[in-house]
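Everything below concerns the one structure shown next.
The values are calculated or read from the model by the stated rules, or taken from the named source; none is laboratory data. As the structure is a prediction and not an experimental result, all values here were calculated from the model. Counting neighbours? That spans all protein chains shown, and the Cβs are built from the backbone with ideal geometry, glycine included. Each accessible area value is taken on the protein alone, full model and side chains, heavy atoms only, with ligands, DNA and RNA left out. Shrake-Rupley method; radii C 1.70, N 1.55, O 1.52, S 1.80 Å.
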Amino acid sequence: MNRTRTKAPPLSLPDGAGAPEWDEGLECWVVADPRLARQVLNHTGFASGTFERSFQLYMTEASREEYRELTEFLRLWFVQTDAPEHAALRRPVQRIMSASYVRSLAPRIEEITEECLDDLVAARPHDVMPTVADGISGKVMAHVVGVGEQPAVLHRWSRALSLFIGAMYRRDHAEGARTAMREMAEALSRATAPAAFPRDTELDRARTTATWAMNLFGGLETTASLLGSVILTALGDKAVWDTVREEREGAVEALVESVLVARPPLRHLGRVVAYDQEIGGSRLAEGDLVLVSLTGDGLLAEGEPDTPATGCPVTGAGAGAPAVSGADEGDGRPEQHLVFGHGPHYCVGAPLARLEAAVLLRRFAKRFPDARLAGEAAVWGPNLSYVGLDHLYVDLGV
């Protein structure tokens, strides 16, 4: 950690909010209260370099040396940096992923969605996750980045990296992630979007590859999770499904937001304590890891999330309440939750994920108005931080 980092004014614990709590099993602090979480995510006393700290804590010195190529690759992801470096590295990506560009993708996303729904019809059984959720997210990101690999390959890379990030101490995960990293780098060397980024020096080339690998990674697993969850939620409640089928104004967008709150694809963001500080009686030491809850629920059990995303998406009746209400975020719209983060690190791909989910709901309802969930439809993948379905079986009613 940087011991010369300038200390910002200390955080003040909101009235009635819980202080950070130490989790003995994970050996980290947990910030569960959404009001405190919003402050932590936007405070210079909490750094973003969680990979670096995790390498130190969870990998042996010999393992760090053996997999140096992999750890250096992950260190260069700009989400692991803070101001001013983060702003400089993020700016060109944010320009590319502008609201106007995302809107221009709508016709292509509709085409991709129809292709994947055709695949769902042909599949036996009809499993939404590999054919539709993985298919749409993979094909959209391949289009955005300009790579030719199929969704199954892209998701294999993404899942290998996810496994390593979640358990860096495991050699098999490190091996899988290193293989994925090398294959990603080779694909990105031929891709169209990275070609416009700096490549003059070895560091430029390494950083450009890491940036676009991070963008590719970010648009795959969490988006696929969201796409599966919106179909599960819509088909799981007749009143909700009726609002979507009847194309009630605003119903689809409201349902997407409801799902983001109740079944967020990512439960936590990591931070590292930048210097010794005290919050509400809890003494946080420099270098401690912090898990910041994006749900307001703290650490949930593995498997299906506790809060069902049900209720009318038009009136909000019965739906999970937003974790935090408040300010405008990165895409200029009022944000009612922390699922896409907060402050300088607000997810640059949020508008794209929302658009993919909305297009899928509309096209699915139009093609399969009599669809319903199959028996034992949802198979959740066990993961502390990610909320994702491994399988979602449906009866298309056709």
Gln39, sole failed condition from (1) under 26 Å from Ala206 (Cβ atoms); (2) at pLDDT below 95
(1)
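Out of curiosity, is Arg205 part of a helix (DSSP H, G or I) and open to solvent by 70 Å² or more (accessible area, probe 1.4 Å)?
Working: part of a helix (DSSP H, G or I): yes; open to solvent by 70 Å² or more (accessible area, probe 1.4 Å): yes.
Considered against the rule, which asks whether it is part of a helix (DSSP H, G or I) and open to solvent by 70 Å² or more (accessible area, probe 1.4 Å), Arg205 comes out as yes.
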Sort out for me the helices (runs of 4 or more DSSP H) sitting completely within segment 56-163 that have 1 or more residues that are free of Cβ contacts under 8 Å to residues at least 12 places away in the same chain, over 27 Å from Trp380 (Cβ atoms) and of a type in the set (A, V, I, L, M, F, W, C).
61-66, 85-96
Check off (1) over 18 Å from Phe340 (Cβ atoms); (2) in a helix (DSSP H, G or I) for Gly25 and give me the number that stays unchecked.
(2)
Filter segment 208-239 for residues that are in contact with a Leu (Cβ under 8 Å, 6 or more places away or on another chain) and part of a loop (DSSP other than H, G, I, E, B); the one that is surrounded by the fewest Cβ atoms within 10 Å (Cβ to Cβ) is Gly236
Restricting attention to segment 3-26, and to residues there that are at pLDDT below 90 and within 25 Å of the chain's Cα centre (by Cα), which single residue is surrounded by the fewest Cβ atoms within 10 Å (Cβ to Cβ)?
Gly25
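In the set Arg53, Arg95, which member is of a type in the set (Lys, Arg) and more than 24 Å from Arg267 (Cα to Cα)?
Details: Arg53 fails: more than 24 Å from Arg267 (Cα to Cα).
One residue alone meets the criteria, Arg95.
Please count how many residues of segment 218-236 are over 15 Å from Ala357 (Cβ atoms) and modelled with pLDDT under 95.
1
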Filter result for Thr50 (without any contact (Cβ under 8 Å) to a residue 24 or more places away in the chain, polar (S, T, N, Q) and open to solvent by less than 70 Å² (accessible area, probe 1.4 Å)):
no
For Met184, are the conditions met, namely being open to solvent by less than 50 Å² (accessible area, probe 1.4 Å), within 25 Å of Ala378 (Cβ to Cβ) and not in a loop (DSSP other than H, G, I, E, B)?
no
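What residue, of Ala167, Ala152, Ala133, Ala122, is open to solvent by less than 50 Å² (accessible area, probe 1.4 Å) and either more than 26 Å from Leu355 (Cβ to Cβ) or more than 17 Å from the chain's Cα centre (by Cα) (or both)? Working first, answer last.
Values: Ala152 fails: open to solvent by less than 50 Å² (accessible area, probe 1.4 Å); Ala133 fails: either more than 26 Å from Leu355 (Cβ to Cβ) or more than 17 Å from the chain's Cα centre (by Cα) (or both); Ala122 fails: open to solvent by less than 50 Å² (accessible area, probe 1.4 Å).
Of Ala167, Ala152, Ala133, Ala122, the one residue that is open to solvent by less than 50 Å² (accessible area, probe 1.4 Å) and either more than 26 Å from Leu355 (Cβ to Cβ) or more than 17 Å from the chain's Cα centre (by Cα) (or both) is Ala167.
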